[in-house]
1. What fraction of the Cα pairs in the range 194-346, stated in percent, has a spacing above 20 angstrom?
2. Would you give the gap between the C-alpha center of the range 1-60 and the C-alpha center of the range 138-206, rounded to a whole Å?
3. Amide H neighbours of residue 348 under 5 Å, counting only residues 5+ apart in sequence or on other chains, H built in-plane at 1.01 Å?
4. Using a Gaussian network model of the chain whose springs link C-alpha atoms within less than 10 Å, name the residue from 247, 70, 157 with the highest mean-square fluctuation.
5. Work out from phi, with θ = phi - 60° and the Karplus expression 6.51 cos²θ - 1.76 cosθ + 1.60, the ³J(HN,Hα) of each residue of the range 366-372, listed in order in whole Hz, and give x for Gly and Pro.
6. Could you tell me how many degrees, from 0 to 90 and to the nearest 10, lie between the Cα long axis of helix 79-94 and the main elongation axis, the longest principal axis, of the Cα atoms of the chain?
7. Binned at 5 Å from 0, what are the whole-percent values of the Cα-Cα distance distribution for the range 67-123, short to long?
8. So what is log10(I(q)/I(0)) for the chain at q = 0.07, 0.11, 0.14 1/Å, when the Debye sum runs over its Cα atoms only?
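Nothing in this text is a laboratory measurement; each read-out follows from the coordinates by a stated rule. Every value quoted in this text rests on a predicted model; they were computed, and no experiment measured them. Ideal geometry is used to build each Cβ from the backbone, glycine not excepted, and the neighbour counts take in all protein chains shown.
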Amino acid sequence: MKETLDLEKYALKLGQEARAAAAALASASSAKRDAALRAAAGALRSSAGALIFENEKDLAAGRSQELSSALLDRLTLTEKRIDEMAHGLEEIAQLGDPVGEIIKGWRRPNGMLIEKVRVPIGVIFMIYESRPNVTADAAGLCLKSGNACILRGGKEAINSSTAIARILRSAIASVGLPEASVQIVETTDRALVGHLLQLGKYIDVAIPRGGKGLVKRVIEESKIPVLKHYEGICHTYVDASADLKMASDICFNAKVQRAAVCNAMETMLVHEAVAKRFLPDMCRRFEEARVELRGDEASRAAYPSVKTASEEDWSTEYLDLILSIKVVKDVGEAINHIRQYGSAHSDAIVANDHRAIERFVNEVDSSAVFVNASTRLNDGTQFGFGAEVGISTDKLHSRGPMGLEDLTIYKYVVYGQGQLRQ
């Protein structure tokens, strides 16, 4: 009971301090918030040695736990990666300030002037896994958009993330803004997350960024609104009208460039009219990249070394060098497959037929639909947002890469001259 009580007190302290900081940030000038971001960038660079020292603690623990080489690489901080984090904060500082933007305004017949004005959400609780650089990205976006944040990173990066947050807090305080604008959860006890998810009085939104299990837990336990995506079951459909060289390059990039991410292709759909021409060379290219191929009967007929796909394969987010392949009779069957098995994350069509493209764009209801481009491009940086705090597949408030504007909401400001309701 004592430990639980301590966790409750710690969670409450984080929430109360974040709420107070959010009030100060909401009235802070854009120039001051930008100054904090630039100060934080400089502090990260000057503290590179100390960050690498803390990071080595995480790496040593990871090696002792026999984490994969890929995960250890994601955990690793180098001078180059620290400089990239700092540069990311400087880029955020250079972005336009969304806070205070008048989205639209109009005057009513009684003379009232009504303005719809963009404002910060308030306090954002973000839960994410392994990569320590997310700490800087999330803090920077929240600070720029006038939000206080409570950050809970993965236990594998606890020393690195905590060190980054402390550097950011000191830099923020140096320009006269509250240190509590950025707070990091300094315990790996998972029970604390449950306590924070009850604090609707102090926290306005939770953003889980990680695996399906993490997102499911947050949704089930939270008493505050959640912005999320469960998983990225992303498709690329190769139409009969596609430039097959372009299609090969797009599909290869979507699967192989980085397989363990939410916007990587998990299923490739191919029109039956081009399957026998497209699949042999495409499958050989995948096999050379060590991609395991699982497909339906028609795809196996075109390339016999493809393994038989199970029903479960069509709805699996592999996050690995594994790909499902299905031959379809037309764009309509491709759309129906995506509707049945997709996760509304990122889906693409490769085609030159404008009717097929128009139908795909209009009928595929995903957070981003790509025409003749890789699903790997569904990303805040690639969209020009500077960075992102995640990709939302929700339909309320925010959808797709969540950048600065998605960390704001709006309020109505009404200017009158004594008007009364009749």
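1. Numbers: 5998 of 11628 pairs.
Tail fraction, whole percent: 52.
2. Taking the Cα centre of each part, the range 1-60 and the range 138-206 sit 5 Å apart.
3. So residue 348 has HN proximity to 235, 236, 237, 370.
4. Residue with maximal mean-square fluctuation among 247, 70, 157: 70.
5. Computed from phi, the couplings for the range 366-372 are 10, 5, 8, 10, 10, 10, 6 Hz.
6. It is inclined by approximately 70 degrees.
7. 4, 13, 11, 12, 11, 10, 10, 8, 6, 5, 4, 4, 2, 1
8. Calculated log10 I(q)/I(0) at the listed q: -0.40, -0.90, -1.22.
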